[in-house]
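A short worksheet on the structure shown next.
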Amino acid sequence: EAAYIPVNHMGAAENEQINEDEVIDLFKPILEDGSITKIGQNIKYDILLLKWYGMEVKGVLFDTMLAHYLIDADARHGMDVLAENYLQYSPVSITELIGKKGKTQGSMRDVAVDVVKEYAAEDADITLQLKEVFEPMLTATQASDLASKVENPLVYVLADMEFEGVKIDKEVLAQLSIELAVDIAKAEK
């Protein structure tokens, strides 16, 4: 069973809106509970987004995109492709709702709540179904330990790194660029 909670959703009626702080208070204990496994498609994105709201996701992770990468590194790992290939199902594409990536792409906040809730519920359902398909495949390809002991825990580290960012010394990079250009020119000759 899936649910969609409209927060700051432009297409939602006022009585459908739930205060952002209430949602955080409601889900924080669940998301920060280390005994609850979290399953997602590209879950690092979700963890990073939740960090901006003061939530520290904890617990065992299962990322379907990462699992599929370990199963078939050379294939495409997007949810639509995975659903079609492994579940024989064509989900509603996000581009149908908000358009193609780029400056003209819309926002899910502008799509009617009834449409977004169906999309979000389908997304969650497909992710769970893919987890059920990929888990035994990881075992069969002897990649289960790699996924559970290395790759999935590394998602937390990568999310922390992206959240913190890095400082860049523009002057050092500019000088390095000049030096590399000289080295490239020498190598070409």
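The values are calculated or read from the model by the stated rules, or taken from the named source; none is laboratory data. Note that the structure is predicted; figures quoted are calculated from it, not measured. When we count neighbours, we look across all protein chains shown, and the Cβ atoms used for this are built from the backbone with ideal geometry, even at glycine. Accessible surface areas use protein heavy atoms only, side chains included; no ligands, DNA or RNA. Shrake-Rupley method; radii C 1.70, N 1.55, O 1.52, S 1.80 Å.
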Just checking, does region 61-71 include any residue being open to solvent by 60 Å² or more (accessible area, probe 1.4 Å) and over 22 Å from Asp145 (Cβ atoms)? no
Run down Glu56, Glu132, Glu96 and say which single residue is acidic (Asp, Glu), modelled with pLDDT under 95 and out of contact with any Ser or Thr (no Cβ under 7 Å at 6 or more places or on another chain). Glu96
Examine region 26-35 for a residue that is of a type outside the set (Lys, Arg) and modelled with pLDDT under 95, and state whether such a residue exists. yes
Looking only at region 155-176, and only at residues there that are surrounded by 12 or more Cβ atoms within 10 Å (Cβ to Cβ) and either of a type in the set (Asp, Glu) or in contact with a strand residue (DSSP E or B) (Cβ under 8 Å, 6 or more places away or on another chain) (or both), the one that is farthest from Ile39 (Cα to Cα): Glu162
Would you call Val155 part of a helix (DSSP H, G or I), touching a residue at least 40 places away in the same chain (Cβ under 8 Å), closer than 30 Å to Ile18 by Cα and in contact with a helix residue (DSSP H, G or I) (Cβ under 7 Å, 6 or more places away or on another chain)? yes
Of all residues in region 72-115 being over 30 Å from Asp145 (Cα atoms) and hydroxyl-bearing (Ser, Thr, Tyr), the one that is farthest from the chain's Cα centre (by Cα): Thr104
Considering only region 28-54, state which residues are open to solvent by 60 Å² or more (accessible area, probe 1.4 Å) and over 16 Å from Val155 (Cβ atoms). Lys28, Pro29, Ile30, Ser35, Trp52, Tyr53
Restricting to region 122-149, name every residue that is touching a helix residue (DSSP H, G or I) at 6+ places or on another chain (Cβ under 7 Å) and not in a helix (DSSP H, G or I). Thr141, Ala143
